Each structure stands twice: as structure tokens, then as C-alpha cells.
Amino acid sequence: MESKLKKALNESGRFKDPTPTGAFGALVFGHELIHCIGGSGDSNANLTRRLLVLLESAEATPHSPLSPRLNLIRGILERYFAEEAHFAGKKFFPRFLLNDVVRYWRTIAVDYAAKISERGSAGWALRNAKLRFSRKLLYLAGLLLTYETTLFPESELIPKTDEDQRSLFDEARPEFSSAEHCLHALQLTPLELLARACILLNLPKTHASSLFLKYDSFLKILETGETREQLAKLTFEKSEASPVFREVRELGSDFQNSLNQLFLVPSTPLGDLTLKYGVF
């Protein structure tokens, strides 16, 4: 089965070879993703697969109520929220989920340094750019997922407008637990989750607009074959003289400054949650 899947993906011409570390491009069973969270049974690869299934995965075929992906995501979320049952009638914040999201982000950052040690300058600038933007965006989406039930009551949940997809989630599980609430939110992409928070929380438009403009500029750099190739081949010694890398660094600094204004300012919805739960 695994070899047939690889052959089909290769023949489609739409997919690049997965990372050489082995985290992807292999058959994976859901049991480890759900039940091996932390402890000796977990690993960097398992952590990466689990968080990316939540935050970045998409259906390979049209949705169905019995979607293996949907059931897997539900199982992972229910595992994160299992301890909520011990706090009935009290406000509950999913620290288990938050700590795994934070652990994933720190693992990405540490692995970035490890890859430099292992591979030298090969591809380092491209990974640096992704760390400043797309990898950080995944972390933001993970934070927003942990804030979901605190910030947005069920009545304010905004699913996608696709009626078929919305009814699919409703029919699959009629009760609306915290895990199900987050499952609905995960119909949105990381950028959509961030945009939704900016809109519903009425966040400062100057910082929110800057955030998306800088990210759009980053995407344009990666979408252009020439500039992407320059980053992929850039050495440490030539980085200071590279206009493309200087632009990435400046955009990344502006992107981070906007995030600081949205997520780290006290007495604001995101700031209070981040300072209370996301720091210590």
C-alpha cells in the first residue's frame, strides 16, 4: 500500500520529495499520534506529525462523515481535552494542548540549529526564512487553537461557508464539546485562524494589516523560482551581501514586531492569555 501511494504521488508531478529526516513520506498509524503524547513513547517525528495533522493537513479525497483524517483529528483533540472532565462546571484551559504546541515550536527552533550542524550551509537560508514566517505561523495557529474556547463562545464560531462541509461536522458528532469546538475551528487554515482572530477581537488594524502584508511579501519571495533558489544555495559568508536575504530579515523583523503588538500587550484579549499561559 505504501509503495503504491508513493508511486501515485510521484507520478502526479504535484509533490516534491519529503524531508530527508523521515518524518514524512511513510505510512503512519493514528494510535501513536493520539496515545503517545509526551513520555518515552513520543518522538520528534511523532510530535511533528501530530501537530501538522491538526494545523496543516487537508483531505486527499472529498470529505465524508467517516473521513479517517477527521476521526484522527477528533481523537487527538479528545486526548488533549480528556482532563476537562475532572473540572466540571469550572473554566478550563487546555494546558496539555498548549504545552505540546509550545514544545513543537521550540523543537522546530532547536532542530533548525541541529540541521546547520549536520548539513552546514546547505539550505540554511531557506529554512531561516521559513522559521521566521511559515513555521512561526503554525505556532500562532496552535496558540489560537488553545485560546479557542476561551475567546470565542460557540455562538461566535465561524465555520467555512461550504454548507456540505459544515453539515458534515455537525452530523458526525451532534454534541458540542470543547474538542468538537476546536475541530470546527480547524476547518480554517492557519492564516484564516489568524485573520478571524483579528476581525472578531477587533485588533488594531495597523498591526494586523502589517502582519498580513509582510507575510504576503514572504510568500512572493518563495513563489519566485529565482529568489527561492538564491536562498536555497546561499552560504553563510555571502548572506550579508544578499539583497534577498536582507529583505527576508527585514520583513521577518517587521512581522515579529506586529506579532508583539498583537500577542504581548497586557490588557488585550490575546496579550492577557499569552502572558498568563504562554510564557510560564
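Compare SER267, SER134, SER209, SER67 by solvent-accessible area with a 1.4 Å probe and give them largest first, with all protein chains kept in place. Write down the numbers at each step before the final one.
On the way: SER267 105, SER134 25, SER209 60, SER67 5 Å².
Sorted descending by solvent-accessible area, the residues read SER267, SER209, SER134, SER67.
What is the magnitude of the charge dipole of the chain about its Cα centre, with +1 placed on the Cβ of each Lys and Arg, -1 on the Cβ of each Asp and Glu, and no other charges, expressed in debye to the nearest 20? Write down the numbers at each step before the final one.
Details: 35 positive and 34 negative charges, 170 e Å.
The dipole magnitude comes to about 820 debye.
From the P(r) of the chain, could you give the percentage of C-alpha pairs in the tail past 36 Å?
Across the chain, Cα pairs with separations above 36 Å total 18 percent.
For LEU52 and LEU151, what is the calculated FRET efficiency with R₀ set at 30 Å and r taken between the beta-carbons, to the nearest 0.05?
Values: r = 23 Å, r/R0 = 0.77.
Taking R0 as 30 Å, the efficiency between LEU52 and LEU151 is 0.85.
If you take every residue apart from TYR104 with its C-beta less than 10 Å away from the C-beta of TYR104, what net charge results, scoring Lys and Arg +1 and Asp and Glu -1?
Surrounding charge for TYR104 is +3.
Checking the table LYS4/LYS130; LYS91/LYS205; LYS136/LYS214; LYS130/LYS214 against a 21 Å threshold on Cα-Cα, which pairs fail? Please list the in-between numbers first.
Values: LYS4/LYS130 31 Å; LYS91/LYS205 30 Å; LYS136/LYS214 13 Å; LYS130/LYS214 13 Å.
Over 21 Å Cα-Cα: LYS4/LYS130; LYS91/LYS205.
Through the Karplus equation 6.51 cos²θ - 1.76 cosθ + 1.60, θ set to phi - 60°, convert the phi angles of the range 256-268 into ³J(HN,Hα) values in whole Hz; use x for Gly and Pro.
5, 4, 5, 4, 4, 5, 8, 10, 10, 8, x, 6, 10
Ignoring any ligand, DNA or RNA, what whole percent of the accessible area of the chain comes from carbon and sulfur when the probe is 1.4 angstrom?
Here carbon and sulfur together make up 55 percent of the probe-accessible area.
Any idea how far the Cα center of the range 251-269 sits from the one of the range 75-112, in Å?
23
Averaged per residue, what accessible surface does the chain expose to a 1.4 Å probe, in Å²? If you can, show how the numbers build up before the last one.
Numbers: 15470 Å² over 280 residues.
Averaged over the residues of the chain, the accessible area is 55 Å².
The values are calculated or read from the model by the stated rules, or taken from the named source; none is laboratory data. This one's a predicted model, so the numbers in the text were calculated from it and none came from an experiment. Methodologically, a virtual Cβ is constructed for each residue, glycine included, from the backbone with ideal geometry; neighbour enumeration extends over all protein chains shown. The accessibility values were calculated without ligands, DNA or RNA, using every heavy atom of the protein model including side chains. Shrake-Rupley method; radii C 1.70, N 1.55, O 1.52, S 1.80 Å.
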